[in-house]
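The values are calculated or read from the model by the stated rules, or taken from the named source; none is laboratory data. Everything numeric here is computed off the predicted structure, so don't read it as measured data. Heads up, the Cβs are rebuilt from the backbone with ideal geometry, glycines too, and the neighbour counts pull from every protein chain shown. Ligands, DNA and RNA are stripped out before the accessible areas are found, and what is left, the full protein with its side chains, is counted by its heavy atoms. Shrake-Rupley method; radii C 1.70, N 1.55, O 1.52, S 1.80 Å.
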Amino acid sequence: MTARAACVLCPNPSPMTLDGTNTWVVAEPGSTEAVVIDPGPLDEGHLARVVSEVEQADRRVVLTLLTHGHLDHAESAERFHELTGAPVRAFGRGHDDVAPGEVIRVGGLEIVAVATPGHTSDSYSYLLPAETALLTGDTILGRGTTVVAWPDGHLESYLESLHRIEAMTRTGDVARILPGHGPYVADAAAAATYYLAHRAERLNQVRAALAAGDRTAREVVERVYADVPRNVWGAAEMSVQAQLEYLRRQPS
């Protein structure tokens, strides 16, 4: 995808994972050390392909980072540690957590940890400053929009994270997005603007549904998400719960 980032697509497509989970291998050109971000679900074939991708470039995995703890991103973390010997770092694992703004250096590569909670409470993105590229996990996808996974995810935090990313696009720190699902996003600013506009539109639709008499999250989903395939209504209901909680917390 870039001079410092390659994607190994996991064969776990679904309505929620799109084409599958993007496992990212990042390394400085010429370095023998690589970082793997989100090894994915426990799929031995996929893990073998990731290891092969690294070895074919005459590198070895020295660190694994997780964007968040959902199984489609992190289930294989311990198994990948067994295969590579590389430590696993994330937020909320209890002993070696990544920290907001932390600069991680591996083999000449610089990675900056960016706290982007909201999709989940433990969501982090990782900035490659040399590429002006942000690896966003599920915070911003390659196409479509993501779920706010209530009750662990919170809409207020998610909106703050989107504004944080939008601000990074304005300063020039972020120009492109390497998502956890879906294709590479060449225009990060447009993506952040779209995501914020989409959330504002959905909130207005939820307000209108409440004004029309809907009371439960399911009733709101049936009205607001009527044009969305039913196989993702469960995820939509989580987002609606997060939206209802957000509206309850707003001044009247």
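In table form, for the structure just shown:
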read-out	value
135, 247, ranked by accessible area, largest first (probe 1.4 Å)	247, 135
Loop-resident sites, the stretch 9-94, for chymotrypsin sites (Phe, Trp or Tyr not before Pro), counting at most 16 other Cβ within 10 Å (DSSP)	none
About the Cα centre, charge dipole magnitude for the chain (Lys/Arg +1, Asp/Glu -1 at Cβ), debye	660
Furthest towards positive pole of dipole, 228, 47, 17, structure part the chain, Cβ charges	228
Kirkwood-based shape ratio for the stretch 159-206, expressed as Rg/Rh from alpha carbons	1.01
Fraction of alpha-carbon pairs over 30 Å apart in the chain - percent	26
Heavy-atom accessible surface of the stretch 114-184: percent carbon and sulfur, 1.4 Å	52
Over the chain: helical MRE at 222 nm, DSSP H runs n ≥ 4 each giving -39500 (n - 2.57), nearest 500	-11500 deg cm²/dmol
Solvent-accessible surface ranking, highest first, for 102, 131 at 1.4 angstrom	102, 131
Principal-axis tilt of helix 155-171 within the chain, Cα atoms, nearest 10 degrees	60
At R0 = 30 Å, FRET efficiency that the Cβ-Cβ distance of residue 216 and residue 163 yields, to 0.05	0.50
Approximate shape of the stretch 110-252 as ellipsoid semi-axes (Cα gyration tensor, √5λ), whole Å, largest first	29, 15, 13
Largest to smallest accessible area among 168, 16 [probe 1.4 Å]	16, 168
Average accessible surface area per residue within the chain, 1.4 Å rolling probe, Å²	43
Cut-off 13 Å between beta-carbons: net charge of the residues surrounding residue 167, Lys and Arg +1, Asp and Glu -1	-1
Distance between modelled label sites at residue 82 and residue 42, nm, 7 Å Cα→Cβ extension	0.8
Bridge type composition, the stretch 1-123 - antiparallel percent by DSSP, nearest 5	65
Spin-label model distance (nm) - residue 170 vs residue 16, 7 Å beyond Cα toward Cβ	3.5
Within-15-Å neighbourhood charge of residue 151 [Cβ basis; K, R +1; D, E -1]	-3
Two-decimal ratio, the stretch 48-115, of alpha-carbon radius of gyration to 2.2 N^0.38 Å	1.14
Cβ-defined net charge surrounding residue 240, 14 Å radius [Lys, Arg +1; Asp, Glu -1]	+1
Cβ-Cβ FRET estimate between residue 60 and residue 248, R0 fixed at 45 Å, reported to 0.05	0.35
